[in-house]
1. Can you pull out the residues in the range 198-223 that are open to solvent by 50 Å² or more (accessible area, probe 1.4 Å) and either free of Cβ contacts under 8 Å to residues at least 24 places away in the same chain or not small (Gly, Ala, Ser) (or both)?
2. Mind checking which pairs have a first residue in the range 174-187 that is closer than 14 Å to residue 106 by Cα and among the hydroxyl-bearing types (Ser, Thr, Tyr) and a second that is crowded, with 22+ Cβ neighbours inside 10 Å and modelled with pLDDT under 90, Cβ under 8 Å, 6 or more apart or different chains?
3. What residue, among those in the range 178-197 that are assigned to a loop (DSSP other than H, G, I, E, B) and of a type outside the set (D, E, K, R), is most open to solvent (accessible area, probe 1.4 Å)?
4. Could you please tell me which pairs satisfy a Cβ distance under 8 Å, a separation of 6+ or placement on different chains, a first residue in the range 227-244 that is part of a helix (DSSP H, G or I), and a second residue that is of a type in the set (Ser, Thr, Tyr) and open to solvent by 10 Å² or more (accessible area, probe 1.4 Å)?
5. Output the number of residues of the range 10-51 satisfying the condition of being modelled with pLDDT of 80 or more, surrounded by fewer than 18 Cβ atoms within 10 Å (Cβ to Cβ) and either basic (Lys, Arg) or part of a loop (DSSP other than H, G, I, E, B) (or both).
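The values are calculated or read from the model by the stated rules, or taken from the named source; none is laboratory data. None of the values given here were measured: they were computed from a predicted structure. All Cβ positions, glycine included, derive from the backbone under ideal geometry; neighbour counts span all protein chains shown. Quick note on the areas: whole protein, heavy atoms, side chains included, nothing else; ligands and nucleic acids left out. Shrake-Rupley method; radii C 1.70, N 1.55, O 1.52, S 1.80 Å.
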Amino acid sequence: MRAEPEVSSPAGTIEPMATTGSGLRATRIGVLAVVTPVIGWSFANTIAKIVHVPALTFVFWRLWLGTAGMLLVLVVMRRRLNWSILRAAWPGGVLFGLNVAFFFSAIKQTKVVDVLVIGALQPALTLLVAGRMFGERIRPIEALCIGASVAGVVLLVVGSSGTPAWSLRGDLFAVASLLVWTTYFLVSKRVRQRVNTVEYMTTVTLVAAVMVTPVAVASGQSLTALRATDWRWLILFVVGAQGGHLMLAWAHPQVDVTLSSLLILGEPPFSAVAALVVLGESLTVLEIVGGLVAIAAVGVVASRATVGPQALDAAEALPP
């Protein structure tokens, strides 16, 4: 079934959700809403290494600045939160906070590419539960491409593991981030059946900020020792990252969760290029080959799954 456009009530509570037929399904605008943040995040992630700020301090300000921005959007759009929204969205906020903390701890301690490559195993995990949770079915060619994309990112890991920037501790943080992010992704897909994008991401960011605050304070890291340059980079990061998460949350009803998680596999290859350009992190032959394999596999699945509004309208006319 086709995902209907969002219709926001003043309370911002209910919006239709697509149901899935055989094979992965997506609208073109939905795919664009996933791919755009992926490219933006690839370059934004290098900011975490540019700024001279401890990981939890960075996370603290990233979440509270993101919360302030979301509350401003809520006011401008004349939306409001209620207890029904808070009850539905708070688990996503807890998971989001944990993911951000693990992710930036990993970014600070190992190669950017390693962190994102480990995270790129998400489609394999999503595939295990997407059918049962959302009724999504994939064809053999799509399963083959998912396997090829995972193989590509494994080549990226192998190619970077012997470089000086690699760290086992950082990679373990990246594994923790992978598990939490996958759970958040699936929870968000479910909650977005009932809660609009702006209200959902406002609640998620607020809950994450509240949860991370005592952890950041207890860590002993200074929360105020930021230079003017750090503030500029941080604000730039928040604008890009929060905007990307808004787009991704909006895209959930437009794109099957298996496909959207696969599209995020484009982040490691783009991040490898960004890390090369911005941070000077070298690329090996295996990293280049693995990145090309991953991108090619993602492109095949996306092209097969993406249909226009007319095709989706026609599918709605068919009996279930």
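1. Passing the criteria: 206, 210, 211, 214, 215, 217, 218, 220, 221.
2. 177/99; 177/102; 177/103; 177/106; 177/115; 177/118; 177/119
3. So, considering only residues that are assigned to a loop (DSSP other than H, G, I, E, B) and of a type outside the set (D, E, K, R), the one most open to solvent (accessible area, probe 1.4 Å) is 193.
4. Short answer, once both residue conditions are applied: 244/36.
5. Number satisfying all stated conditions: 1.
Yes or no, residue by residue, for (1) among the aliphatic types (A, V, I, L, M); (2) open to solvent by 10 Å² or more (accessible area, probe 1.4 Å); (3) not in a helix (DSSP H, G or I):
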site: 56; (1), (2), (3): yes, yes, no
site: 59; (1), (2), (3): yes, no, no
site: 81; (1), (2), (3): yes, yes, yes
site: 85; (1), (2), (3): yes, no, no
site: 88; (1), (2), (3): yes, yes, no
site: 91; (1), (2), (3): no, yes, no
